[in-house]
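Trainee: Sharing a structure, written as C-alpha coordinates. Questions coming.
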Amino acid sequence: MTPLRKRMINDMTVRGLTENTMRLYLHSVSGLACHYKRSPEKISAKEVQDYLLHLHEERGLTWQSCNCVRHGIRFLYRITLGRPDPHFYVPGAKTPSKLPEILNHDELVRLFSVTTNIRHRALLMTAYAAGLRASEICHLQVSDIDSGRMCLRIDQGKGNKDRYVPLSQRLLTQLRDYWRHQRPQTWLFPSRYSDRPLTRRGAGHIFHRAKEKAGITKSGGIHSLRHCYATGLLEAGVELPVIQRRLGHRSIRSTMRYLHLAREKTSATPSPLDLLEFPKAVPA
(Lines give C-alpha, C1' and ligand atoms only; values in the text may rest on other atoms or scores of the structure.)
Protein backbone atom coordinates (compact mmCIF):
# COMPACT_ATOMS: atom_id res chain seq x y z
CA MET A 1 0.00 0.00 0.00
CA THR A 2 1.41 3.38 -1.00
CA PRO A 3 1.62 6.20 1.58
CA LEU A 4 -0.85 8.26 -0.47
CA ARG A 5 -3.41 5.44 -0.53
CA LYS A 6 -3.03 4.98 3.23
CA ARG A 7 -3.54 8.72 3.82
CA MET A 8 -6.68 8.69 1.71
CA ILE A 9 -8.07 5.67 3.58
CA ASN A 10 -7.41 7.41 6.89
CA ASP A 11 -9.12 10.59 5.66
CA MET A 12 -12.19 8.63 4.57
CA THR A 13 -12.30 6.63 7.78
CA VAL A 14 -12.27 9.63 10.11
CA ARG A 15 -15.05 11.23 8.05
CA GLY A 16 -17.25 8.18 8.47
CA LEU A 17 -17.54 7.16 4.83
CA THR A 18 -19.14 3.78 4.31
CA GLU A 19 -17.16 0.76 3.18
CA ASN A 20 -18.81 0.81 -0.26
CA THR A 21 -18.06 4.52 -0.75
CA MET A 22 -14.44 4.03 0.28
CA ARG A 23 -14.08 1.17 -2.18
CA LEU A 24 -15.55 3.26 -5.02
CA TYR A 25 -13.32 6.25 -4.24
CA LEU A 26 -10.16 4.12 -4.14
CA HIS A 27 -11.13 2.40 -7.39
CA SER A 28 -11.65 5.80 -9.04
CA VAL A 29 -8.23 7.06 -8.00
CA SER A 30 -6.54 3.79 -8.99
CA GLY A 31 -8.10 4.04 -12.46
CA LEU A 32 -6.75 7.56 -12.88
CA ALA A 33 -3.24 6.51 -11.80
CA CYS A 34 -3.25 3.46 -14.10
CA HIS A 35 -4.43 5.56 -17.04
CA TYR A 36 -1.50 7.99 -16.78
CA LYS A 37 0.91 5.46 -15.22
CA ARG A 38 2.01 7.85 -12.48
CA SER A 39 1.01 9.02 -9.02
CA PRO A 40 -2.17 11.17 -8.82
CA GLU A 41 -0.05 13.80 -7.06
CA LYS A 42 1.66 14.46 -10.40
CA ILE A 43 -1.52 14.58 -12.51
CA SER A 44 -2.86 18.00 -13.43
CA ALA A 45 -6.45 19.24 -13.29
CA LYS A 46 -6.64 19.33 -17.08
CA GLU A 47 -5.49 15.72 -17.27
CA VAL A 48 -8.22 14.72 -14.80
CA GLN A 49 -10.81 16.45 -16.94
CA ASP A 50 -9.42 14.74 -20.05
CA TYR A 51 -9.64 11.41 -18.22
CA LEU A 52 -13.32 11.92 -17.36
CA LEU A 53 -14.02 12.76 -21.01
CA HIS A 54 -12.12 9.62 -22.03
CA LEU A 55 -14.28 7.50 -19.71
CA HIS A 56 -17.46 8.87 -21.23
CA GLU A 57 -16.62 9.12 -24.93
CA GLU A 58 -14.15 6.27 -25.46
CA ARG A 59 -14.98 3.74 -22.76
CA GLY A 60 -18.71 4.39 -22.90
CA LEU A 61 -19.34 5.05 -19.20
CA THR A 62 -22.57 6.85 -18.42
CA TRP A 63 -22.40 10.31 -16.92
CA GLN A 64 -23.70 8.83 -13.71
CA SER A 65 -20.69 6.50 -13.54
CA CYS A 66 -18.39 9.39 -14.44
CA ASN A 67 -19.86 11.35 -11.56
CA CYS A 68 -18.92 8.56 -9.15
CA VAL A 69 -15.34 8.68 -10.44
CA ARG A 70 -15.38 12.47 -10.19
CA HIS A 71 -16.38 12.38 -6.51
CA GLY A 72 -13.60 9.94 -5.64
CA ILE A 73 -10.92 11.99 -7.41
CA ARG A 74 -12.23 15.22 -5.96
CA PHE A 75 -12.00 13.78 -2.44
CA LEU A 76 -8.34 12.88 -3.01
CA TYR A 77 -7.36 16.30 -4.30
CA ARG A 78 -9.46 18.45 -1.96
CA ILE A 79 -9.10 16.49 1.28
CA THR A 80 -6.03 14.25 1.14
CA LEU A 81 -3.82 16.49 -0.99
CA GLY A 82 -5.33 19.72 0.36
CA ARG A 83 -5.58 21.47 -2.97
CA PRO A 84 -8.02 24.40 -2.87
CA ASP A 85 -10.87 24.52 -5.36
CA PRO A 86 -9.52 27.48 -7.41
CA HIS A 87 -6.46 25.38 -8.33
CA PHE A 88 -8.30 22.19 -9.09
CA TYR A 89 -11.69 21.64 -10.67
CA VAL A 90 -13.41 18.54 -11.99
CA PRO A 91 -16.41 19.50 -14.12
CA GLY A 92 -19.72 18.15 -12.92
CA ALA A 93 -21.35 15.63 -15.20
CA LYS A 94 -24.98 16.01 -16.16
CA THR A 95 -27.07 13.04 -15.12
CA PRO A 96 -30.28 12.42 -17.08
CA SER A 97 -33.38 12.67 -14.90
CA LYS A 98 -35.13 9.30 -15.13
CA LEU A 99 -37.99 7.93 -13.10
CA PRO A 100 -37.85 4.27 -12.03
CA GLU A 101 -40.37 1.78 -13.39
CA ILE A 102 -42.82 0.80 -10.66
CA LEU A 103 -44.21 -2.72 -10.41
CA ASN A 104 -48.01 -2.74 -10.35
CA HIS A 105 -50.25 -4.78 -8.06
CA ASP A 106 -50.45 -7.83 -10.33
CA GLU A 107 -46.69 -7.87 -10.94
CA LEU A 108 -45.95 -7.74 -7.22
CA VAL A 109 -48.36 -10.60 -6.55
CA ARG A 110 -46.75 -12.68 -9.32
CA LEU A 111 -43.26 -11.88 -8.04
CA PHE A 112 -44.00 -13.15 -4.53
CA SER A 113 -46.22 -16.04 -5.65
CA VAL A 114 -43.66 -17.63 -7.99
CA THR A 115 -40.93 -17.42 -5.33
CA THR A 116 -41.40 -20.81 -3.69
CA ASN A 117 -38.06 -20.81 -1.85
CA ILE A 118 -39.12 -19.68 1.62
CA ARG A 119 -35.84 -17.84 2.29
CA HIS A 120 -36.01 -15.95 -0.97
CA ARG A 121 -39.65 -15.08 -0.48
CA ALA A 122 -38.99 -13.76 3.03
CA LEU A 123 -36.14 -11.62 1.71
CA LEU A 124 -38.18 -10.10 -1.13
CA MET A 125 -41.18 -9.47 1.12
CA THR A 126 -38.94 -7.76 3.68
CA ALA A 127 -37.45 -5.55 0.97
CA TYR A 128 -40.93 -4.48 -0.13
CA ALA A 129 -42.84 -4.35 3.17
CA ALA A 130 -40.14 -2.32 4.95
CA GLY A 131 -38.81 -0.30 2.00
CA LEU A 132 -35.20 -1.26 2.63
CA ARG A 133 -32.06 -0.72 0.60
CA ALA A 134 -30.24 -3.88 -0.53
CA SER A 135 -27.42 -3.30 1.95
CA GLU A 136 -29.94 -2.85 4.78
CA ILE A 137 -31.72 -6.10 3.91
CA CYS A 138 -28.45 -8.04 3.88
CA HIS A 139 -27.33 -6.68 7.25
CA LEU A 140 -30.55 -7.32 9.13
CA GLN A 141 -30.04 -9.45 12.22
CA VAL A 142 -32.56 -11.74 13.87
CA SER A 143 -32.41 -9.50 16.95
CA ASP A 144 -33.55 -6.53 14.83
CA ILE A 145 -37.09 -7.94 14.72
CA ASP A 146 -39.10 -6.43 17.56
CA SER A 147 -42.45 -8.21 17.53
CA GLY A 148 -43.47 -6.55 20.80
CA ARG A 149 -43.31 -3.06 19.30
CA MET A 150 -44.03 -4.34 15.77
CA CYS A 151 -41.01 -2.70 14.19
CA LEU A 152 -37.72 -3.50 12.48
CA ARG A 153 -34.51 -1.86 13.62
CA ILE A 154 -32.26 -0.73 10.78
CA ASP A 155 -28.75 -0.58 12.21
CA GLN A 156 -26.42 1.97 10.61
CA GLY A 157 -28.26 2.49 7.33
CA LYS A 158 -27.05 4.89 4.66
CA GLY A 159 -25.32 7.88 6.25
CA ASN A 160 -24.54 5.78 9.35
CA LYS A 161 -28.00 6.38 10.78
CA ASP A 162 -30.17 4.00 12.81
CA ARG A 163 -33.91 4.01 12.32
CA TYR A 164 -37.04 1.98 12.98
CA VAL A 165 -39.64 1.00 10.39
CA PRO A 166 -43.09 -0.50 11.05
CA LEU A 167 -43.36 -4.29 10.91
CA SER A 168 -46.64 -5.45 9.39
CA GLN A 169 -48.35 -8.52 10.81
CA ARG A 170 -48.20 -10.20 7.43
CA LEU A 171 -44.45 -9.77 7.20
CA LEU A 172 -43.98 -10.95 10.79
CA THR A 173 -45.92 -14.13 9.97
CA GLN A 174 -43.74 -14.71 6.90
CA LEU A 175 -40.52 -14.15 8.87
CA ARG A 176 -41.63 -16.50 11.66
CA ASP A 177 -42.42 -19.19 9.10
CA TYR A 178 -38.99 -18.67 7.54
CA TRP A 179 -37.27 -18.85 10.95
CA ARG A 180 -39.04 -22.10 11.85
CA HIS A 181 -37.81 -23.69 8.61
CA GLN A 182 -34.21 -22.45 8.51
CA ARG A 183 -33.37 -21.16 12.01
CA PRO A 184 -30.97 -18.31 11.10
CA GLN A 185 -28.75 -17.45 14.03
CA THR A 186 -27.16 -13.99 13.84
CA TRP A 187 -27.89 -12.69 10.36
CA LEU A 188 -31.50 -12.85 9.25
CA PHE A 189 -30.39 -13.67 5.71
CA PRO A 190 -26.95 -15.28 5.96
CA SER A 191 -24.85 -16.37 3.04
CA ARG A 192 -25.54 -19.96 2.09
CA TYR A 193 -21.91 -21.03 2.42
CA SER A 194 -20.75 -19.08 5.47
CA ASP A 195 -21.88 -17.33 8.64
CA ARG A 196 -21.49 -13.95 6.94
CA PRO A 197 -24.48 -11.92 5.71
CA LEU A 198 -25.80 -12.30 2.19
CA THR A 199 -24.14 -9.90 -0.25
CA ARG A 200 -26.01 -7.20 -2.15
CA ARG A 201 -25.12 -9.05 -5.34
CA GLY A 202 -26.71 -12.19 -3.94
CA ALA A 203 -29.88 -10.33 -2.98
CA GLY A 204 -30.04 -8.78 -6.44
CA HIS A 205 -29.64 -12.19 -8.06
CA ILE A 206 -32.57 -13.55 -6.03
CA PHE A 207 -34.75 -10.65 -7.21
CA HIS A 208 -33.81 -10.99 -10.88
CA ARG A 209 -34.47 -14.73 -10.86
CA ALA A 210 -37.89 -14.14 -9.32
CA LYS A 211 -38.67 -11.34 -11.78
CA GLU A 212 -37.71 -13.53 -14.73
CA LYS A 213 -39.80 -16.40 -13.40
CA ALA A 214 -42.78 -14.06 -12.97
CA GLY A 215 -42.44 -12.83 -16.54
CA ILE A 216 -41.79 -9.22 -15.50
CA THR A 217 -39.94 -7.26 -18.18
CA LYS A 218 -39.71 -3.87 -16.48
CA SER A 219 -36.21 -2.61 -15.79
CA GLY A 220 -34.73 -2.18 -12.33
CA GLY A 221 -33.15 -4.29 -9.63
CA ILE A 222 -34.17 -5.15 -6.09
CA HIS A 223 -34.13 -1.43 -5.22
CA SER A 224 -37.34 -1.12 -7.26
CA LEU A 225 -39.18 -2.82 -4.36
CA ARG A 226 -38.19 0.15 -2.20
CA HIS A 227 -39.63 2.46 -4.86
CA CYS A 228 -42.86 0.43 -4.82
CA TYR A 229 -43.01 0.72 -1.03
CA ALA A 230 -42.63 4.51 -1.05
CA THR A 231 -45.10 4.98 -3.88
CA GLY A 232 -47.63 2.71 -2.18
CA LEU A 233 -47.43 4.74 1.02
CA LEU A 234 -47.87 7.99 -0.85
CA GLU A 235 -50.89 6.69 -2.72
CA ALA A 236 -52.34 5.52 0.59
CA GLY A 237 -52.25 9.08 1.91
CA VAL A 238 -49.19 8.86 4.17
CA GLU A 239 -47.54 12.27 4.61
CA LEU A 240 -44.15 12.95 3.02
CA PRO A 241 -42.27 13.55 6.33
CA VAL A 242 -43.44 10.15 7.57
CA ILE A 243 -42.28 8.46 4.37
CA GLN A 244 -38.98 10.35 4.63
CA ARG A 245 -38.34 8.94 8.12
CA ARG A 246 -39.27 5.41 7.08
CA LEU A 247 -36.96 5.51 4.08
CA GLY A 248 -34.12 7.13 6.02
CA HIS A 249 -33.80 10.06 3.62
CA ARG A 250 -31.67 12.92 4.86
CA SER A 251 -33.47 15.43 2.65
CA ILE A 252 -37.19 15.69 1.91
CA ARG A 253 -36.21 16.35 -1.70
CA SER A 254 -35.22 12.72 -2.08
CA THR A 255 -38.68 11.70 -0.93
CA MET A 256 -40.49 14.21 -3.12
CA ARG A 257 -39.42 12.38 -6.28
CA TYR A 258 -42.17 9.87 -5.53
CA LEU A 259 -44.76 12.57 -6.10
CA HIS A 260 -44.12 12.00 -9.82
CA LEU A 261 -44.74 8.26 -9.49
CA ALA A 262 -47.83 8.14 -7.33
CA ARG A 263 -51.40 7.99 -8.54
CA GLU A 264 -54.27 9.67 -6.73
CA LYS A 265 -54.21 9.09 -2.98
CA THR A 266 -56.56 6.54 -1.46
CA SER A 267 -57.28 5.61 2.15
CA ALA A 268 -54.32 5.23 4.51
CA THR A 269 -52.83 1.81 5.25
CA PRO A 270 -50.02 0.71 7.60
CA SER A 271 -48.13 -1.30 4.98
CA PRO A 272 -48.41 -1.71 1.18
CA LEU A 273 -47.86 -5.46 1.67
CA ASP A 274 -51.25 -5.75 3.36
CA LEU A 275 -52.96 -4.68 0.13
CA LEU A 276 -51.76 -7.69 -1.86
CA GLU A 277 -53.85 -10.83 -2.25
CA PHE A 278 -51.92 -14.06 -2.64
CA PRO A 279 -52.95 -17.54 -3.80
CA LYS A 280 -53.51 -19.98 -0.95
CA ALA A 281 -50.57 -22.21 -2.01
CA VAL A 282 -47.99 -22.58 0.75
CA PRO A 283 -44.34 -22.01 -0.30
CA ALA A 284 -42.07 -25.04 -0.26
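The values are calculated or read from the model by the stated rules, or taken from the named source; none is laboratory data. Keep in mind it's a predicted model, so treat the numbers as computed, not measured. Positions of Cβ are generated from backbone atoms using ideal geometry, with glycine treated the same way; all protein chains shown enter the neighbour counts. Calculation scope for accessible area: heavy atoms of the full protein, side chains included, ligands and nucleic acids excluded. Shrake-Rupley method; radii C 1.70, N 1.55, O 1.52, S 1.80 Å.
Trainee: Give me the count of lysine pairs in the chain whose alpha carbons sit under 20 angstrom apart, restricted to pairs 8 or more positions apart or on different chains.
Mentor: Value for the chain: 6.
Trainee: While we're here: Of Cys66, Cys138, Cys228, which is the most mobile in a GNM of the chain whose springs link Cα atoms less than 10 angstrom apart?
Mentor: With Cα springs under 10 Å in the chain, the top fluctuation among Cys66, Cys138, Cys228 is at Cys66.
Trainee: If you don't mind, there's one more thing I want to ask. If you project the alpha carbons of segment 165-262 onto their three principal axes, what span does each projection cover, largest first, in Å?
Mentor: Taking the Cα atoms of segment 165-262, the three principal extents are 41, 30, 24 Å.
Trainee: Rank these by accessible area, largest first, 1.4 Å probe: Ile137, Ile102.
Mentor: Numbers: Ile137 0, Ile102 40 Å².
Of Ile137, Ile102, the descending order of accessible area is Ile102, Ile137.
Trainee: Report, in debye and to the nearest 20, how large the dipole of segment 1-88 comes out about its Cα centre when Lys and Arg carry +1 and Asp and Glu carry -1 on their Cβ.
Mentor: Dipole about the Cα centre, nearest 20: 300 debye.
Trainee: Only loop residues by DSSP count here, and only those with at most 12 other Cβ atoms within 10 Å; note down the GluC sites (Glu not before Pro) in segment 188-257 that meet that.
Mentor: Glu239
Trainee: Please state, to two decimals, what the Cα-based radius of gyration of segment 107-174 comes to when divided by 2.2 N^0.38 Å (N = residues).
Mentor: For segment 107-174, the normalised Cα radius of gyration is 1.11.
Trainee: With the other protein chains left in place, how much accessible area per residue, in square angstrom, belongs to segment 1-149 at a 1.4 angstrom probe?
Mentor: Details: 7970 Å² over 149 residues.
Using a 1.4 Å probe on heavy atoms only, each residue of segment 1-149 averages 54 Å².
Trainee: Do any trypsin sites (Lys or Arg not before Pro) in segment 151-248 lie in a DSSP loop with no more than 10 other beta carbon atoms within 10 Å, and if so, which?
Mentor: Here the trypsin sites (Lys or Arg not before Pro) that fit, given the DSSP loop and packing criteria, are Arg192.
Trainee: Still on this structure, please answer the following. To the nearest µm²/s, what D does Stokes-Einstein give for segment 1-131 at 37 °C and 0.692 mPa s, using the Kirkwood radius over alpha carbon pairs as Rh?
Mentor: Stokes-Einstein gives a translational diffusion coefficient of 187 µm²/s.
Trainee: Rounded to whole Å and sorted largest first, what semi-axes of the equivalent ellipsoid does the C-alpha gyration tensor of the chain yield via the square root of 5 times each eigenvalue?
Mentor: 39, 21, 19
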